[in-house]
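Just so it is clear, none of the values below were taken in a lab; they were calculated from the coordinates. Everything numeric here is computed off the predicted structure, so don't read it as measured data. We place every Cβ from the backbone using ideal geometry, glycine too, and count neighbours over all the protein chains shown.
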Amino acid sequence: MTSITAITEAPPPPKGGNPLIVYRGVKKAFGKNVVYDGLDLEVQRGETLCIIGPSGVGKSVMLKLLTGLLDVDEGEVWFDGDKVSDFTSDAEYLPVRRRIAMVFQGAALFDSLTVFENVAYPLREQFNYSEEEIATKVAEKLEWVGLPGVEQKKPSELSGGMRKRVGLARSIATDPEVILYDEPTTGLDPVNIQRINQLILSLSERLRCTSLIVTHEMATVFACAQRIAFVYDKKIAAVGLPDAMKNSSNPLVRGFISGDPAPFAD
């Protein structure tokens, strides 16, 4: 199996340069369940990286380790030259979290709030914008995701695909430098999957942001990814360009991408 050699002693990534995100020798367990035992990965500034692998291997855990929603047991996580795995408080994480947006699997909208209030929420929490500025930004981001004029609707009045897009508008309201997508197309029909894929690409271009996409949807992988990282056996088992991964000599990578269960038989 192709693997990435662990980095044991290396200088910190340069602030303002590449790579933007670095995982070095990361170990993470929940009790006896070891999720990572030597995770190594570098994410370049401005790239779109898709993270794939079987269910339960810790793909979403990787995103949470970056934002401090989970702590590493051992190893290092770096963001733009800052060793965030050493942070011990929300106050330390706040400047990093302001630069990173999370798109949740289920959109995670507040059902009791209107679309406007949902999208405005991070603007009010993190910045001191006037109500006029907030209204302008909300309208702009809803336009970007193809939902102009829905500000006064409640989430219950929207289709599943529309709720996903409102969740995306809320995530980009603050013009983030990094967008973390956690299964952004789960539960959607092929038309809406393609719509979300197109939005991911257009937002990457508009915001010039770095995107990490956790997904099982190969249509999303091959529509959006500039590189693919395959998580297996508690680490990054393979990483490469889409064509190289699709034609990989690694039977696990090739089998997962093609949907062949044989390499994963017990």
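Among the residues of the range 228-253, count how many are touching a Pro at 6+ places or on another chain (Cβ under 9 Å) and surrounded by fewer than 17 Cβ atoms within 10 Å (Cβ to Cβ).
Of the residues in that region, 1 qualify.
Quick grid of which residues meet (1) buried (at least 21 other Cβ atoms within 10 Å of the Cβ); (2) farther than 22 Å from residue 98 by Cβ:
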{"site": "171", "(1), (2)": "yes, no"}
{"site": "183", "(1), (2)": "no, yes"}
{"site": "198", "(1), (2)": "no, yes"}
{"site": "206", "(1), (2)": "no, no"}
{"site": "218", "(1), (2)": "no, yes"}
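Out of curiosity, is residue 138 in contact with a Phe, Trp or Tyr (Cβ under 6 Å, 6 or more places away or on another chain) and either crowded, with 19+ Cβ neighbours inside 10 Å or free of Cβ contacts under 8 Å to residues at least 12 places away in the same chain (or both)?
Yes.
Looking at the range 211-266, which of the residues that are outside any helix (DSSP H, G or I) and among the β-branched types (Val, Ile, Thr) is nearest to residue 39 (Cα to Cα)?
236
State which residue pairs qualify: first residue closer than 19 Å to residue 222 by Cβ and inside the range 170-187, second residue acidic (Asp, Glu) in any location, beta carbons under 7 Å apart, and separation of 6 or more residues or different chains.
Cβ pairs passing all conditions: 185/217.
Show me the helices (runs of 4 or more DSSP H) found entirely inside the range 28-132 where at least 3 residues are surrounded by fewer than 17 Cβ atoms within 10 Å (Cβ to Cβ). Walk me through how you get there before you give the answer.
Numbers: elements: 59-67, 90-97, 115-126.
Counting at least 3 such residues, we get 90-97, 115-126.
Any residue in the range 81-100 that is on the phi < 0 side of the Ramachandran plot sitting within a Cβ distance under 6 Å of a residue that is among the aromatic types (Phe, Trp, Tyr) and part of a helix (DSSP H, G or I)? List the pairs, counting only those 6 or more apart or interchain.
Hits for this filter: 87/93.
Please verify whether the range 191-202 includes one or more residues that are assigned to a strand (DSSP E or B), aliphatic (A, V, I, L, M) and closer than 20 Å to residue 259 by Cα.
No, the range 191-202 contains no residue that is assigned to a strand (DSSP E or B), aliphatic (A, V, I, L, M) and closer than 20 Å to residue 259 by Cα.
With the structure loaded, tell me whether residue 195 is under 19 Å from residue 48 (Cα atoms) and out of contact with any strand residue (DSSP E or B) (no Cβ under 9 Å at 6 or more places or on another chain) or whether it fails that test. Spell out how you get there, then give the answer.
Details: under 19 Å from residue 48 (Cα atoms): yes; out of contact with any strand residue (DSSP E or B) (no Cβ under 9 Å at 6 or more places or on another chain): yes.
Criteria met by residue 195.
Count, please, the residues in the range 165-190 that happen to be in a loop (DSSP other than H, G, I, E, B), among the small types (Gly, Ala, Ser) and at negative phi.
Summing the residues that are in a loop (DSSP other than H, G, I, E, B), among the small types (Gly, Ala, Ser) and at negative phi in the range 165-190 gives 1.
When only residues in the range 155-164 that are small (Gly, Ala, Ser) and part of a helix (DSSP H, G or I) count, which is nearest to residue 207 (Cα to Cα)?
Ranking the qualifying residues of the range 155-164, first place goes to 161.
Whether any residue in the range 182-196 is over 25 Å from residue 125 (Cα atoms) and among the small types (Gly, Ala, Ser) is what I want to check.
yes
Considering only the range 147-154, I want to know if a residue exists there that is surrounded by fewer than 20 Cβ atoms within 10 Å (Cβ to Cβ) and part of a helix (DSSP H, G or I).
Within the range 147-154, not a single residue is surrounded by fewer than 20 Cβ atoms within 10 Å (Cβ to Cβ) and part of a helix (DSSP H, G or I).
Condition first: in contact (Cβ under 8 Å) with a residue 60 or more places away in the chain, over 25 Å from residue 163 (Cβ atoms) and in contact with a Phe, Trp or Tyr (Cβ under 9 Å, 6 or more places away or on another chain). Can you find one or more residues in the range 73-80 that meet it?
yes
Could you list, in sequence order, all residues of the range 250-263 that are in contact (Cβ under 8 Å) with a residue 12 or more places away in the chain and over 24 Å from residue 223 (Cβ atoms)?
251, 263
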